[in-house]
2 protein chains.
Amino acid sequence: MDLRRLRYFVAVAEERSVGRAAVRLRMAQPPLSVQIRKLESEVGTPLFRRGARGMEPTAAGRALLSRAREALALTAEGFEAARAVAAGRRGRLSVGYMFALAHAVLPKLIPELRRSLPKIDLEFIELSASTREARLLDHSVTVALCMPAIRHIEIEASNIGTQRLMLALPASSSLARATAVPVKKLQGRPLISLPWPAEDPATSVVASLLRRHQVSMPVANRVETVHSALSLVLAGEGMAIVPACAQLGCPTGVVFRPFVDADDAIDVAVCWRRDSLNPLVRNFLKCAEKVIRQV
Amino acid sequence: MDLRRLRYFVAVAEERSVGRAAVRLRMAQPPLSVQIRKLESEVGTPLFRRGARGMEPTAAGRALLSRAREALALTAEGFEAARAVAAGRRGRLSVGYMFALAHAVLPKLIPELRRSLPKIDLEFIELSASTREARLLDHSVTVALCMPAIRHIEIEASNIGTQRLMLALPASSSLARATAVPVKKLQGRPLISLPWPAEDPATSVVASLLRRHQVSMPVANRVETVHSALSLVLAGEGMAIVPACAQLGCPTGVVFRPFVDADDAIDVAVCWRRDSLNPLVRNFLKCAEKVIRQV
DNA sequence: ACTGACCCATACGATTTCGGTATAGCAAAA
DNA sequence: TTTTGCTATACCGAAATCGTATGGGTCAGT
């Protein structure tokens, strides 16, 4: 059961001649003739009818022929598939993303991925900040789109862009009349807080913004997602400080204002397991960087 | 692209260990290790992650694995299919039959064929006497069921049984009152003739029967099939001398009577091209002989 | 009928490839 | 650290493969 013999067999069957098949296979005729006979003795039945004008496959030969062709194609495809997977052109890529980035990023990111990596098996899952980390660690997502990057010993991250922080507030609020708001004006107003690691000043851009301006805002609510925060803003529970991209797909009745005296930004990052040697991660990063630049 | 390497690869992937796979393949571990590395260099990418506890297929390895399994199964099946075709257990068998045999033979023959040759691709085509020969010669049917055998230089035949000749006549005929009819009584009565080769006395059993009894019957009509003959008998056009099996499925109003003084019979034969080395023919013959004995 | 053309089969020597034994190298468990 | 359990490398003998030379059979044309 040798694949080379099958290749020889297919060539002879197609050329209906050992001599012509030998030319096609770039080899001499006698060894090819020997291989065909070996195949026949291995199968246990003649595969060709020999005539003075060439060889004609028997019914048994035709039965083998179609399967031999398939087997050859299948192994060639198997090799190609292995190479494609190794190069990150194929495989399964599961992306955990946060809702806040959905409207801003996905409509550009997904077409770009489909274009440059057409054969991959792509899956997007919306996950809250806390579950993105867990799903990354248990391998149920390959990469995560985060703001900011997940900080964890087993997780590696790459910043692919930034989003300016803006104040989200009800359209009816008196602060909404100005096109930009001084940070000081937030003093004492209730804040809808997102689950950023407030303990770590380096990552909590909101906390450091307020601290730098010596402003304190009582936390009115803690929510998991930017989307939830905006709902509570609309409900009049308070204000939120969120990335600019949250404007897209935001309910009417909530308006966004930049700060007069601050242009703090939050990092947009792609995160993945440090031990994930999946080359798709690298290709995904390239696409994501290209897309984020355009946002 | 060697099938042996793929077999080795599948074994290693399944055992997740070169050593255990070597045991399964009944070979030593080092050459197996070499073959795996050769496969990897041929594909151009690592297929396993080597650890101290064994080998684990990479994503690329898994992509190849499923296709390698299929390719192996396909070639094994190809070999088996070729053997089955050679042994006549598989293939396409197209049977041309005459309507007169349909009711008597087919209900027993077809189930027997399906039972003893379950994998063959079976086709039954009703053909008139003249077309059976043509379709046999142009390969569009494999075998033909005939009464009597086709005589042709390229066609071989095997008699598998006989059918007694009987007189088919209208129930209203005066001759129908007796349970058996003397041949002499047919003198001068119109005959519905079938296209048997009247020129050749050896094959034309009807002509020889009449000649032996020195009886002559004017030919009222010539028809292609026994079925047509019976229709004309019913229509009062004359009488027909037909094989006994035509009684089955015969229209009411036509009765069959044996001859008092003759028990001539016509051969039932299976015919096939002399150059058709199709082993299915042999197996078909066995089935047909078994079935005809029971009729 | 004979001859030439064509094609497949066989023989044999040279090369490549493969499998076995011995052993080194390496990482995790004891 | 030592032991254990893997895989990888080195080398040699055996087997398979390929190329050249040649035999043998069939068909077509003279």
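The values are calculated or read from the model by the stated rules, or taken from the named source; none is laboratory data. Only a predicted model underlies this, so the values are computations on that prediction, with no experimental measurement involved. Note that we place each Cβ from the backbone using ideal geometry, even for glycine, and neighbour counts take in every protein chain shown.
Identify, please: which residue in the range B:42-77 is of a type in the set (Gly, Ala, Ser) and near DNA strand D (Cβ under 10 Å from one of its atoms) and is, among those, nearest to the other protein chains (Cβ to nearest Cβ)?
Ranking the candidates gives B:GLY51 first.
Which of the numbered conditions does B:TRP272 fail, given that it passes all the others? Conditions: (1) surrounded by fewer than 17 Cβ atoms within 10 Å (Cβ to Cβ); (2) in the same structural domain as B:LEU127 (by TED's automatic domain parsing).
Only one criterion is unmet by B:TRP272, namely (1).
Which number in (1) touching a Gly at 6+ places or on another chain (Cβ under 8 Å); (2) aliphatic (A, V, I, L, M); (3) within 10 Å of DNA strand C (Cβ to nearest atom) marks the one condition that B:ALA63 misses?
(3)
Any residue that is at pLDDT 80 or above and closer than 20 Å to B:THR131 by Cα - is there at least one of those in the range B:204-218? Give the derivation first.
Filtering the range B:204-218 down to residues at pLDDT 80 or above leaves B:205-218.
Subsequent filtering for residues that are closer than 20 Å to B:THR131 by Cα retains none.
No, the range B:204-218 contains no residue that is at pLDDT 80 or above and closer than 20 Å to B:THR131 by Cα.
Do we find a residue being among the basic types (Lys, Arg), surrounded by fewer than 20 Cβ atoms within 10 Å (Cβ to Cβ) and under 18 Å from B:MET147 (Cα atoms) anywhere in the range B:218-241?
yes
Give all pairs with beta carbons closer than 7 Å in which a residue from the range B:75-87 that is closer than 14 Å to A:PHE9 by Cβ and free of Cβ contacts under 8 Å to residues at least 60 places away in the same chain meets a residue that is in a helix (DSSP H, G or I) and hydroxyl-bearing (Ser, Thr, Tyr); count only pairs at least 6 apart in sequence or on separate chains.
none
Name the single residue that is nearest to the chain's Cα centre (by Cα) among those in the range A:1-22 being within 10 Å of DNA strand C (Cβ to nearest atom) and β-branched (Val, Ile, Thr).
A:VAL12
Select from the range A:14-31 the residues that are under 18 Å from B:MET1 (Cβ atoms), more than 7 Å from DNA strand D (Cβ to nearest atom) and of a type in the set (A, V, I, L, M, F, W, C) and list them in ascending order.
A:ALA21, A:LEU25 - these are the residues of the range A:14-31 that are under 18 Å from B:MET1 (Cβ atoms), more than 7 Å from DNA strand D (Cβ to nearest atom) and of a type in the set (A, V, I, L, M, F, W, C).
Check every one of the strands (runs of 3 or more DSSP E) wholly within the range B:214-295 and list those with 3 or more residues that are within 30 Å of B:PRO118 (Cβ to Cβ).
Hits in the range B:214-295: B:265-273.
What residue, among those in the range B:93-132 that are touching a residue at least 60 places away in the same chain (Cβ under 8 Å) and of a type outside the set (A, V, I, L, M, F, W, C), is farthest from B:GLU289 (Cα to Cα)?
B:SER130
Restricting to the range A:35-55, give me the number of residues that are surrounded by fewer than 20 Cβ atoms within 10 Å (Cβ to Cβ) and near DNA strand C (Cβ under 8 Å from one of its atoms).
Residues in the range A:35-55 being surrounded by fewer than 20 Cβ atoms within 10 Å (Cβ to Cβ) and near DNA strand C (Cβ under 8 Å from one of its atoms): 6 in total.
Looking at the structure I just gave you, is B:LEU32 within 16 Å of DNA strand C (Cβ to nearest atom) and in contact (Cβ under 8 Å) with a residue 60 or more places away in the chain?
No: the conditions fail for B:LEU32.
For B:ARG26, are the conditions met, namely being within 16 Å of DNA strand C (Cβ to nearest atom) and part of a strand (DSSP E or B)? Break it down into steps so the answer makes sense when it comes.
Numbers: within 16 Å of DNA strand C (Cβ to nearest atom): yes; part of a strand (DSSP E or B): no.
Against the criterion (within 16 Å of DNA strand C (Cβ to nearest atom) and part of a strand (DSSP E or B)), B:ARG26 does not qualify.
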